[in-house]
Amino acid sequence: MIFKELDGGLSVIDNLKVAGAKEGKYGVAVIVSENSDASAVFTSNKIVAAPVIYTKKVVEKGKVSAVFVNSGNANCFTGNQGIEDCESLVELVSKELNIPKGEIAISSTGVIGRKMPLDVITGVASKVFSSLGNKPEDSLAAANAIMTTDKIPKQCALEVTLTNGEKVKIAGITKGSGMIAPNMGTMLSFIVTDGVMESKYINRALKKAANKSFNMIVVDGDESTNDTCLLMANKASGVNIVNDGEIDPNFQEALEYLCIDLAKKMVKDGEGASKVIEANIYGAKNIDEARLAAKAIVTSPLFKSAVFGGDPNWGRIVSAIGYSGADVSADTVTIAIANKQDEVDLVKDGEILAFEGTDNLLRAEKIMLGEEVIVNVDLNKGDGEATAWGCDLSYDYVKINAEYTT
């Protein structure tokens with residue numbers, strides 16, 4: 001194995017301190033990794049939150065030493081006041097930690113269109129500043145602090161053996177449960193490596209990883225105004241990840257694994273979710289069409305509802321890939337439903353195999369009752385492949401979002 005999983009989240013990274021605290025629905029997490037090279041990807045929503053506007057300017061310089069994150073308020077659609085509130089919080093961090101304001105990123109998640117309760121946030125922040133550390137419980141506290149409707153904290157850490165035999169570590173925390181249809185990175189995700197890597201290479205590696213992970217998940221099809229995924233390299237190991245202008249392929253593979261792991265944890269924790277959907281597309285004309293088809297399946301409200309009800313309604317799959325934008329032919333497509341133990345064809349090269357009373361349909365119905373439903377589709381048009389992940393659409397999703405601001 002070129003990498004192995006570690007326990008402890010962000011605490012596995014040397015020269016890093018982290019903490020988090022929460023009071024009611026308001027939480028604060030702080031990550032300190034001084035003099036880190038950094039880059040980020042953000043939401044493509046045309047309505048963006050104040051912290052996104054602020055942090056974009058910070059990462060343009062390629063250097064981040066601390067990240068301040070709050071939950072409970074998105075600081076979005078708050079006009080000039082929102083930017084001023086970002087500046088106030090950054091100034092607080094700068095004074096408390098003696099870090100230049102230009103090296104402090106900020107992120108928020110919560111309700112849109114409400115003024116930031118600075119008195120509450122700063123009160124919680126004071127507890128965080130006094131508890132910064134590098135223990136597993138510190139990383140877990142930060143992962144908990146940034147949660148909103150999430151039910152579980154999400155973190156991952158890896159040790160990577162590079163192609164030259166040297167080792168680096170990479171770790172991240174993330175949050176996301178609803179309003180998930182990323183077109184950049186994720187809801188909020190913060191990743192740190194102890195390797196040496198300039199910001200331009202960080203950006204390249206992060207975009208590639210995001211396109212295979214965070215950009216391939218859907219909970220409800222709504223894209224957040226606050227999506228931010230930040231990757232920092234703090235150089236603590238002294239090991240170069242880039243050599244002769246090339247990113248070490250083992251590091252890239254590990255970064256993609258970590259991002260996929262965090263992304264899958266989000267869909268598993270999707271609002272009201274009871275099942276995870278994995279959609280694999282094979283035989284597309286190219287990778288872009290494969291991604292379109294895969295995401296269409298996990299986005300379809302009809303198919304997501306069918307998964308919740310345990311109904312192997314392959315017509316909803318065929319409909320979704322048909323409108324996805326990918327090249328699809330009714331007489332060549334193959335559709336199968338699977339889990340880790342079984343796979344059954346519903347349609348094979350355009351021929352329907354799952355009729356009422358057939359063994360194929362009965363096996364598919366059993367598979368659909370499990371907690372993970374895998375959809376395998378071969379378009380037989382080329383060699384493009386892609387995977388997307390999603391979750392079912394349940395009664396609880398409607399209840400959670402009907403009561404979100406109350």
Of all the residues that make up region 210-254, how many are basic (K, R) and outside any loop (DSSP other than H, G, I, E, B)? 1
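Each row is one residue, and each column tells you yes or no for (1) of a type outside the set (G, A, S); (2) within 17 Å of S65 (Cα to Cα).
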residue: K4; (1), (2): yes, no
residue: D7; (1), (2): yes, no
residue: D14; (1), (2): yes, yes
residue: K22; (1), (2): yes, no
residue: K25; (1), (2): yes, no
residue: V30; (1), (2): yes, yes
residue: N35; (1), (2): yes, yes
residue: S39; (1), (2): no, yes
residue: F42; (1), (2): yes, no
Would you mind listing the helices (runs of 4 or more DSSP H) fully within region 301-406 where at least 3 residues are more than 30 Å from K151 (Cβ to Cβ), assigned by the TED database to the domain that holds G283 and free of Cβ contacts under 8 Å to residues at least 12 places away in the same chain? none
Answer with yes or no whether D119 is closer than 15 Å to V192 by Cβ, open to solvent by 20 Å² or more (accessible area, probe 1.4 Å) and in the same structural domain as V93 (by the TED database). no
In region 265-304, which residues are open to solvent by 40 Å² or more (accessible area, probe 1.4 Å) and either at pLDDT 90 or above or in contact with a helix residue (DSSP H, G or I) (Cβ under 8 Å, 6 or more places away or on another chain) (or both)? K265, S274, Y282, K285, N286, I287, D288, R291, L292, K295, T299, L302
Could you grab me the full set of residues in region 198-222 that are within 22 Å of V307 (Cα to Cα) and open to solvent by 10 Å² or more (accessible area, probe 1.4 Å)? N215, D220, G221, D222
Across region 223-264, what is the number of residues that are under 26 Å from A320 (Cα atoms), open to solvent by 30 Å² or more (accessible area, probe 1.4 Å) and among the polar types (S, T, N, Q)? 0
Kindly indicate whether any position in region 114-121 is free of Cβ contacts under 8 Å to residues at least 24 places away in the same chain and either aromatic (F, W, Y) or under 27 Å from F214 (Cα atoms) (or both). no
Among the listed residues G102, G79, which satisfies the condition of being open to solvent by less than 50 Å² (accessible area, probe 1.4 Å) and under 14 Å from I53 (Cα atoms)? G102
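The values are calculated or read from the model by the stated rules, or taken from the named source; none is laboratory data. Please read all numbers here as calculations on a predicted model, not as lab measurements. Cβ sites come from the backbone with ideal geometry, for glycine too, and all protein chains shown count toward neighbours. Surface accessibility is based on the protein's heavy atoms, side chains included, excluding ligands, DNA and RNA. Shrake-Rupley method; radii C 1.70, N 1.55, O 1.52, S 1.80 Å.
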